[in-house]
1. Express the carbon and sulfur contribution to the solvent-accessible surface of the chain as a percent, rounded to the nearest whole number, probe 1.4 angstrom.
2. Round to the nearest 10 and give me the degree value, 0 to 90, for the angle of helix 44-53's Cα axis relative to the longest principal axis of the chain.
3. At a threshold of 8 angstrom on Cα-Cα distance, excluding pairs fewer than six apart, so keeping six or more, what relative contact order does the chain reach in percent?
4. Mind checking the angle between helix 22-37 and the chain's longest principal axis? C-alpha axes, 0 to 90 degrees, to the nearest 10.
5. Under the Kirkwood approximation for Rh and a Cα-based Rg, what ratio Rg/Rh is obtained for the chain?
6. For the chain, what is the mean residue ellipticity at 222 nm derived from helices alone (per DSSP H run of n ≥ 4: -39500 (n - 2.57); sum divided by total residues; nearest 500 deg cm²/dmol)?
Amino acid sequence: MKQFSCGDVVPGCSAVFRASSEEQILGAVAEHARRDHGMDSIPAALVSQVRSLIRPAAVEVTSSLA
Ligand SMILES: [Zn+2]
């Protein structure tokens, strides 16, 4: 499973996406961005930013490596 937190890109947004592939997450993020952030299309730069922020989803508690 992979995971993406919209808040990593849009401060204050609490939406979190989990899916088995990056493509599924990107699809869900695009839909979310359109509905909740009023973005008709996702710029390529944002797609690559989202891609870089997709992480393996922790099964239980997420622990930071920082
Ligand atoms: Zn969002």
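1. C and S atoms contribute 53 percent here.
2. It works out to around 10 degrees.
3. Answer for the chain is 38 percent.
4. Long axis of 22-37 versus the principal axis of the chain: about 50 degrees.
5. 0.96
6. So the calculated ellipticity at 222 nm is -12500 deg cm²/dmol.
The values are calculated or read from the model by the stated rules, or taken from the named source; none is laboratory data. These figures come from a predicted structure and were not determined experimentally. Accessible surface is based on the protein model in full, side chains and every heavy atom, while ligands, DNA and RNA are left aside. Shrake-Rupley method; radii C 1.70, N 1.55, O 1.52, S 1.80 Å.
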